[in-house]
Amino acid sequence: MARHPATPTHLSDMQSRHMRITMKRRAWEAIRSEVAAAPDDLETGGILLGKDTNGGVTISVAGDPGPNAVHEPTRFLRDLNHAQRVAAAGWEHDQSVWVGEWHTHPRSNPVPSPIDIDSYLRHLADDELEFDCFISIIVSPSYEPAVAACWVVTRDAATLTPLTIESDTA
């Protein structure tokens, strides 16, 4: 994903083993709303925007897929132009940067697939993006209730990491 030209994406000195991931309630509710509206058999998702915060990341925005996204049973391709507009608005609002993505696995566990891992590794290898790690939230709506898992992905590993939902004012 090309970023807003003035938008840095580098999150400094992050260590996935000790990283604390929090998400603002409004971002979590945006994901829940998109999952509820999505067809049962197709993947959906969006970008995650946030900030490096004292040994962790706080996610403040969970973008929607955009009008030109591609939704398939085992793959989701976000609407790149839409994602760029969401990222630019996040940067203008509070200097939030692209920290990762969320998406659904309609018929499987919330574990990164080989397609997911290939995508994350491409982002991590792209020198322009300057990612040290990539955050992935995968939602499996086929469970009752739906199950979500947060993964911190580095060049060496994908680590299941606790996700804390916090109030928008915290």
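Select from region 47-77 the residues that are within 12 Å of GLY90 (Cβ to Cβ) and not hydroxyl-bearing (Ser, Thr, Tyr) and list them in ascending order. Don't jump to the end; show me each part of the working.
Kept after step one, since they are within 12 Å of GLY90 (Cβ to Cβ), are these residues of region 47-77: 47-51, 59-63.
Scanning region 47-77 gives ILE47, LEU48, LEU49, GLY50, LYS51, ILE59, VAL61, ALA62, GLY63.
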Residue in region 137-149 that is modelled with pLDDT under 90, in contact with a helix residue (DSSP H, G or I) (Cβ under 8 Å, 6 or more places away or on another chain) and of a type in the set (A, V, I, L, M) present: yes
Verdict on ILE165 being assigned to a strand (DSSP E or B), touching a residue at least 60 places away in the same chain (Cβ under 8 Å) and over 12 Å from the mean Cα position of the chain (by Cα): yes
Candidates ALA146, ALA87, filtered to the one that is in contact with a Phe, Trp or Tyr (Cβ under 6 Å, 6 or more places away or on another chain) and small (Gly, Ala, Ser): ALA87
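Matching residues to (1) farther than 22 Å from ARG20 by Cβ; (2) aliphatic (A, V, I, L, M); (3) surrounded by 13 or more Cβ atoms within 10 Å (Cβ to Cβ):
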| site | (1), (2), (3) |
| --- | --- |
| ILE59 | no, yes, yes |
| ALA87 | yes, yes, yes |
| TRP91 | yes, no, yes |
| SER96 | no, no, yes |
| PRO106 | yes, no, yes |
| PRO141 | yes, no, yes |
| ALA149 | no, yes, yes |
| ASP156 | no, no, no |
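The values are calculated or read from the model by the stated rules, or taken from the named source; none is laboratory data. All figures in this text were calculated on a predicted structure; none of them were measured in a lab. A quick note on method: Cβ atoms are made from the backbone with ideal geometry, for glycine too, and the neighbour counts reach across all protein chains shown.
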